[in-house]
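Single-structure report; data block below.
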Amino acid sequence: AHLCFGVLRYYPRLQAWLKQLLRHPLKEQDTDVNLLLMVGLYQLFYSDTPAFACLNETVEATTHIKKNWAKALVNGVLRNATRQKEKLLMLHTPAEKTCTPEWLIKKWQNAYPHQWQTICDEQLKHPPFSLRVNAGKISREDYLQLLAKQQLEATHLAYCSEGIVLSEAMNVDALPGFSEGLVSVQDGAAQLAAHLLNVKPGQHILDACGAPGSKAAHLVELCPTLSLLALEKDPERCELMRKTFSRMGMDVPIICEDASKPELWWDKKPFDSILLDAPCSATGVIRRHPDIKLHRRHQDIPLLVQQQKTLLEKLWPLVKPNGILLYVTCSLLPEENVALMEQFLQSHHDAKELPIMEDWGIGQKIGRQILPGMHHMDGFYYARLLKQV
């Protein structure tokens, strides 16, 4: 897993190096050899593995993919890379320098002219291992003591009253009380959602697009007597929610339907609050999911924006007068965030921004944007809308 994530993080750079090192591009049926070479290059340049071990292991790996003919090629390319190390490290294009697709660099440069380079740098780092303590079962201080007894180093997570950051990632099943629901793994930025809704006992709440159920579980932890409905259209992701709620000992109704088609699932009872964690480009969580850099394309963005608009249009009528819709994405792109909110407010006169009076992230014209690495958090956007009477 460590090697796979490493190759994905540095993929654009490794790809550029291979173009220089290979006399001819490999055939499509030899993509596995191409990827093996990338693993070798990553180990040579970005791991503590000694060069001789890296060469031997990568050459031997050709046997496992049944490409014995590639032994000499792999050996030659990697030896050549060690000789040309200084030349290869003279990076030229923005994609090589930042390990980020050029279309995405341009978007970040336009949106964050002073922070785009930091964003690129942060996306190459390992994400923090953040936890959310179940306040209904244990205090944060008591849980920190449990960690200390197991010699696990951890600190408070800023802006998250139930948040903890461990100094190192670990197997979740080894966390004290994990199976009993004392704690969950959740990034700090995602932990902000439940507090921004500020739910009250007995309120009727919808978590639209709710998988894997972490935000919904957090709401129940903070207010066990609320009436919560969790919605998710993907059956496999619905199962993830069921497992989350089961581990936490919660009985939360789950409906496996499309949030944009309320006629299929809504019982006509309006909601006090709706949490809309909208499908998005996920450009704020690339350090956690580096494959996003490979499969996300610029032409995807207008389609995602249209999907977000549709969800807003369909869910807004379900909010009670004086009710709240909390719009959330893990995107860094303004067209999915602040620009979309501006358009929505202009076209819905019964909608008004309920300002987020916090000092985390960066204040936008509407809502707040967290950039990757800020406060040990992933990149997230939040906007809170109030339905006027």
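The values are calculated or read from the model by the stated rules, or taken from the named source; none is laboratory data. Since the structure is predicted, the reported quantities are computational estimates derived from the model, not experimental observations. Cβ coordinates were reconstructed from backbone atoms using ideal geometry, including for glycine residues, and neighbour counts include every protein chain displayed.
Computed values, structure above
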quantity	calculated
All positions within segment 218-243 that are within 10 Å of Val199 (Cα to Cα) and surrounded by 21 or more Cβ atoms within 10 Å (Cβ to Cβ)	Leu219, Val220
Helices (runs of 4 or more DSSP H) wholly inside segment 1-68 that include at least 1 residues being touching an Asp or Glu at 6+ places or on another chain (Cβ under 6 Å)	2-9, 11-21
Of all residues making up segment 28-64, the number that are of a type in the set (S, T, N, Q) and in contact (Cβ under 8 Å) with a residue 40 or more places away in the chain	2
Residue check for Leu228: touching a strand residue (DSSP E or B) at 6+ places or on another chain (Cβ under 7 Å), among the aliphatic types (A, V, I, L, M) and either free of Cβ contacts under 8 Å to residues at least 24 places away in the same chain or outside the structural domain of Arg140 (by TED's automatic domain parsing) (or both)	yes
Test: residue in segment 188-201 that is part of a loop (DSSP other than H, G, I, E, B), assigned by TED's automatic domain parsing to the domain that holds Val328 and surrounded by 18 or more Cβ atoms within 10 Å (Cβ to Cβ)	yes
Complete set of residues in segment 202-218 that are outside any loop (DSSP other than H, G, I, E, B) and over 19 Å from the mean Cα position of the chain (by Cα)	His204, Ile205, Leu206
Failed condition for Leu206, given (1) in the same structural domain as Leu146 (by TED's automatic domain parsing); (2) touching a Leu at 6+ places or on another chain (Cβ under 9 Å)	(1)
The listed residue being in contact with a Lys or Arg (Cβ under 9 Å, 6 or more places away or on another chain), crowded, with 16+ Cβ neighbours inside 10 Å and in contact (Cβ under 8 Å) with a residue 12 or more places away in the chain, out of Ile274, Ile254	Ile254
Selection from segment 130-156 of residues that are closer than 27 Å to Thr225 by Cα and among the β-branched types (Val, Ile, Thr)	Val133, Ile138
Members of segment 64-75 that are at negative phi, within 36 Å of the chain's Cα centre (by Cα) and surrounded by fewer than 15 Cβ atoms within 10 Å (Cβ to Cβ)	His64, Ile65
Hey, Arg242 more than 30 Å from Asn322 (Cα to Cα) and assigned to a helix (DSSP H, G or I) or not	yes
Segments classed as strands (runs of 3 or more DSSP E), wholly inside segment 86-179, with at least 1 members that are in contact with a Lys or Arg (Cβ under 8 Å, 6 or more places away or on another chain), among the hydroxyl-bearing types (Ser, Thr, Tyr) and surrounded by 13 or more Cβ atoms within 10 Å (Cβ to Cβ)	none
